[in-house]
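Presented below is the structure to which this report refers.
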Amino acid sequence: PREEIAYVTCTYRETCVDQPDFLATVDLNPRSPCYGQVIHRLPMPNLKDELHFSGWSAGCTCLDTVAAKRNKLILPGLISSRIYVVDVGSQCRAPKLWKTIEPVDVFWKCNKGHLSVVHSLPNGDILISNMGDPSGNAKGGFVVLDGETLEVKGNWENECEVPLSGYDFWYQPRHNVLISTAGLVPKCAGRGFDPNDLKKGVFGRHLNVWNLSCRSLTQCFDLGEDSLPLSVKFLHNPDAAEGYVSCALSGVVYRFYKCEAKNWAVEEVIRIPAKEVTGWIMPKMPAFTVELLISKDDRYLYLSNWLHGDIRQYELCKTCKPRLVGQVFVGGSILRGGPVAVCRDEELKCQPEPLVVKCKRVYGGPSKMQLSVDGKRLYVTNSFYSSWDKQFYPNLVKLCQVAVMLQLDVDTEQGGLTVNKNFLVDFGKEPNGPCLARVIRFPSGDSSS
């Protein structure tokens, strides 16, 4: 069915509002009098967790079992390493906090911290990737929660197989493979982006291939110095042995695929050129692709370009040659009239105009996305990470100029994106003050679980 509500993670870190993060329930029904509004807020019991990702306690890989239902939403804290379990099954429009897993349990049982992406495993357990150790040093790997009790079971990977860093992951059970990306060193990323960190190993550069059943690291691809591979997705077809990974700093999207020898290979299929600029922190502004999504029919790929400010739609008729068919700017750092001047641009003839929706100027850049199951509506928020938001988009953390959630209408026949000017969720008007909004989930099903 069409999505009628969305769950959006919201944080107050770096906003000068001393309130706990919360889970917002947003009304997405165009026939509802509350359309485009936050209809419920579930505050967490602690401060400064930095709710960054969310994931279901059960996914499509285990929905053939009677007991598996999408009734629990897992919310890991990127900064606190705390894990919240929210009951969305009892009252879907008014979720309740069901369980809290304190950081000490994660620290002692796993020696992990700075938790990020959540997916359920084929056996019903829950896998959470991590970016570092309890002290904020870089350390990859995964934390496992029991699928029934939702208690921490321990580490997923074999102890000797811990990669240097971690962030996102996706898997294909029929090919017995899990692919994971690198992230950032947490204690360095927390202070903001520093150009001096380039070439110092702060930003990840590897794509990791795992044996899913043995939980062992089988291959590791070096995608280049300071490439920073973040978002990774397989095609949804469960028989498909290929997918894509987007690299934030290099602006490159790689296709990974299975070879005849049962090994995996990577090839560059998209490259978004950096723009030569003045008035910015560096003379060249990278694309910084935060999120990559693939439509459920595997026909289109979407990229959110956080710094440049555009969302891109690529047709996947030939998976080795994605074709750009849609592009729309919904913010960014190169807007006309801003402090940044573009000196040389390989793609645009002029700097894009600022976006105004429902009489409100949209600040920030497109970050987290969620696509409806039918592929016709693409939702987007404009916060990436609180300290980086504050650095690159200072207007985003000022009063009444904070995060929004937008909707793009998608042409699923010919390709194309259009901003829906009748939809805007303004998180700058929250009762406790403006907040930053992140990951979007639909209880009826979405394109990233």
Worksheet entry | Cα centroid of region 168-198 to Cα centroid of region 371-418, whole Å | 21 Å
Worksheet item: Within a Cβ distance under 13 Å of LYS48, other residues only, what is the Lys/Arg minus Asp/Glu net charge?
Response: -3
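Just reorder CYS320, CYS359 by solvent-accessible area, largest first, 1.4 Å probe, all chains present. List each step's numbers first, then the result.
Values: CYS320 65, CYS359 135 Å².
Descending accessible area places them as CYS359, CYS320.
Which peptide among 344-353, 362-371 comes first, and what is the full order, when sorted by highest mean count of other Cβ atoms within 10 Å? Please report the intermediate quantities before stating the final value.
On the way: 344-353: 12.2, 362-371: 26.0.
Top to bottom by mean Cβ count within 10 Å: 362-371, 344-353.
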Worksheet entry | (1) 0.90; (2) 1.53; (3) 0.95, with the label sought being that of the calculated Cα Rg over 2.2 N^0.38 Å | (1)
Worksheet, complete the sentence: As a percent rounded to 5, the proportion of antiparallel DSSP bridges among beta bridges in the chain is 100 percent
Worksheet item: Could you give me the ³J(HN,Hα) list for region 101-110, computed from phi with Karplus coefficients 6.51, -1.76, 1.60 and θ = phi - 60°, whole Hz, x at Gly and Pro?
Response: 9, 6, x, 4, 5, 5, 4, 6, 7, 10
Discussion item. Just the number please: accessible area per residue for the chain, 1.4 Å probe, all protein chains included, in Å².
Written reply: 38 Å²
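Restricting to DSSP H runs of at least four residues, report the calculated mean residue ellipticity at 222 nm for the chain, -39500 (n - 2.57) per run over all residues, nearest 500 deg cm²/dmol.
Working: 3 runs with 19 residues, N = 449.
Rounded to the nearest 500, the figure is -1000 deg cm²/dmol.
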Worksheet entry | 28 Å Cα-Cα threshold exceeded, pairs from LYS318/LYS376; LYS109/LYS368; LYS321/LYS349; LYS233/LYS429; LYS72/LYS233 | LYS109/LYS368; LYS233/LYS429
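Which of the three applies to region 299-433, rounded, prolate or oblate, going by the alpha-carbon gyration tensor with a ≥ b ≥ c and a/c under 1.5 meaning rounded? Kindly include the intermediate steps, with their values, before the conclusion.
Details: a/c = 1.97, a/b = 1.33, b/c = 1.48.
Because a/c hits 1.5 or more and a/b fails to exceed b/c, region 299-433 counts as oblate.
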Discussion item. Under 10 Å, Cα contacts only: if you run a Gaussian network model on the chain, which one of PRO20, PRO122, PRO195 comes out with the highest mean-square fluctuation?
Written reply: PRO195
Worksheet item: How do ILE270, ILE281 rank by accessible surface area computed with a 1.4 Å probe, from largest to smallest?
Response: ILE281, ILE270
Worksheet entry | Sulfur and carbon atoms: percent of accessible area, the chain [1.4 Å] | 49 percent
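Using a 1.4 angstrom probe on the protein heavy atoms only, line up TRP170, TRP98, TRP210 by accessible area, largest first. Walk me through the numbers on the way to the answer.
Numbers: TRP170 25, TRP98 120, TRP210 0 Å².
Largest accessible area first, the list is TRP98, TRP170, TRP210.
The values are calculated or read from the model by the stated rules, or taken from the named source; none is laboratory data. In this text the structure is predicted, and so the values were computed from the model without any measurement. For neighbour counting, all protein chains shown are included, and Cβ atoms are generated from backbone atoms with ideal geometry for every residue, glycine included. Each accessible area value is taken on the protein alone, full model and side chains, heavy atoms only, with ligands, DNA and RNA left out. Shrake-Rupley method; radii C 1.70, N 1.55, O 1.52, S 1.80 Å.
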